[in-house]
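The values are calculated or read from the model by the stated rules, or taken from the named source; none is laboratory data. None of these values were measured; they are calculated from a predicted model. Quick reminder, even Gly has a Cβ in these numbers, built from the backbone with ideal geometry, and neighbours come from all protein chains shown. SASA here: full protein model, heavy atoms, side chains in, ligands and nucleic acids out. Shrake-Rupley method; radii C 1.70, N 1.55, O 1.52, S 1.80 Å.
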Amino acid sequence: MSLLSVLQSCSNWAPVALIRDSKYGMPAVQSFHLMGLTVLLTTVLVLDLRLTGLGRRDYGLSWLARQLKPWTLGAIAVMISSGSLIFLATPGKYLDSHPFRLKMALLSLALLFHFSVLRRFTAADSSMRPRPADVIVACLSLTFWFGVGWAGRAIAFVP
Amino acid sequence: MSLFEWCQWLQHTHFATAIAESDWLFPLIEGSHILALPMSVGMVLILDLRLLGLAFCGGPAAKLVNNLLRWSRIGFVVMFLTGGLLLITQAGKAYGNAFFRAKLIFLLLLGINAAVYQILFYPKMAQWDSARGAPAGAKFCAGFSLVLWIGVIVCGRTMAYQF
């Protein structure tokens, strides 16, 4: 059985079909995806701004990272579940889409970077001014995560 | 000329059609509108959650507010500029759309809510900040804001399905 036929049968699975074919099914799932985006990118933005030294410095970096973590993880869970539903509703629309492939590549990169490099850089407090490496890590993190967003938006406009 | 006719005229101006028909301008404006969410609405949500005692407890809320709202000002400028441009290109279609109307009403209520908070609770924030937590009225404003912003996002996303 090919990947496409597996996806086709998932796509015809009753709950997925119900969401796809009902009037407000897709807008509702897309709304969850967008709310997840807001929470996720807000936590990323606040942490990266703090890492560059532009954001709030009256709080410890590691304290901030600990406070943000559950919200980041929760938002990632919402994004992946709603995103999977959107994908499964019309897999044909995404399989051949170039922006979708770019989005998945950037998403893998962003997740990997977030839970390895960025986690290390935000684990310890330093009273010193931000080092150049901190600024570079924050900029890379913002580029990867907002890149995922832009690639996602491009799916609607670019084949 | 009625408001509807004016919206139709606006949508068909040279400026509006140039944006709508551009291969890159419309996606760029729409993408900016969505990706400005974290810097505008997201910052307000953090404040709401802090006032409700659901997140960021243990740090003084007044400092948090000043820091985050400074960023959210930039975010909201981007939001209103891009939102205005998007509206111009689709004014005729947006006019009668129930979700668009609901979004505008929610935004109006959010403006009033923010003004009430700014006048009644913000000046005394330093007094209750380090104590037990926000007074009931401030918590109500925060909860109201949280619910309405969710409504704005849902309506904004849903209206696009009807164009």
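Data for the structure
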{"quantity": "Principal axis dimensions, segment A:51-159 - Cα atoms, whole angstrom, descending", "calculated": "52, 25, 21"}
{"quantity": "Residues of chain B: accessible area per residue with a 1.4 Å probe, Å²", "calculated": "52"}
{"quantity": "Ranking by accessible area, most exposed first, for A:LYS23, B:LYS93 with a 1.4 Å probe", "calculated": "A:LYS23, B:LYS93"}
{"quantity": "Lys, Arg +1 and Asp, Glu -1 on Cβ, resulting dipole of the protein assembly as shown about Cα centre, debye, nearest 20", "calculated": "820"}
{"quantity": "Estimated distance in nm for a label pair at A:SER108 and B:CYS57, the labels positioned 7 Å out from Cα along Cα-to-Cβ", "calculated": "4.1"}
{"quantity": "Among A:146-152, B:73-79, the order from most to least packed when residues are scored by Cβ within 10 Å on average", "calculated": "A:146-152, B:73-79"}
{"quantity": "FRET efficiency, 1/(1 + (r/R0)^6) with R0 30 Å, evaluated for B:ILE105 and B:THR13 via beta carbons", "calculated": "0.70"}
{"quantity": "Shape category assigned to segment B:1-122 from the gyration tensor of Cα positions, a/c cut at 1.5", "calculated": "prolate"}
{"quantity": "Accessible area, probe 1.4 Å, largest first, for residues A:MET35, B:MET125", "calculated": "A:MET35, B:MET125"}
{"quantity": "Cross-link partners of B:LYS124 among lysines (Cα-Cα below 19 Å; sequence separation of 8 or more within a chain)", "calculated": "B:LYS63, B:LYS139"}
{"quantity": "Carbon + sulfur, % of accessible area of segment B:14-163 - ligands and nucleic acids excluded, 1.4 Å", "calculated": "71"}
{"quantity": "Gaussian network model of chain A, Cα within-10 Å springs - most flexible of A:ARG119, A:ARG20, A:ARG129", "calculated": "A:ARG129"}
{"quantity": "Residues of type aspartates and glutamates that B:LYS103 reaches as a straight line, Cα spacing below 17 Å, ignoring anything fewer than 8 places off in the same chain", "calculated": "B:GLU30"}
{"quantity": "Pairwise burial B:A, computed as accessible area of each alone minus the pair, summed, 1.4 Å, Å²", "calculated": "2900"}
{"quantity": "Area accessible to solvent at A:PHE32, 1.4 Å probe radius, in Å²", "calculated": "120"}
{"quantity": "Portion, in percent, of the accessible area of segment A:1-40 that falls on carbon or sulfur, probe 1.4 Å", "calculated": "74"}
{"quantity": "Whether the protein assembly as shown is rounded, prolate or oblate, judged on the alpha carbon gyration tensor where a/c under 1.5 counts as rounded", "calculated": "oblate"}
{"quantity": "Average accessible area per residue (Å²) across segment A:116-156 - probe 1.4 Å, nucleic acids and ligands excluded", "calculated": "58"}
{"quantity": "Average beta carbon contacts from partner chains per residue of B:149-162, 10 Å cutoff", "calculated": "4"}
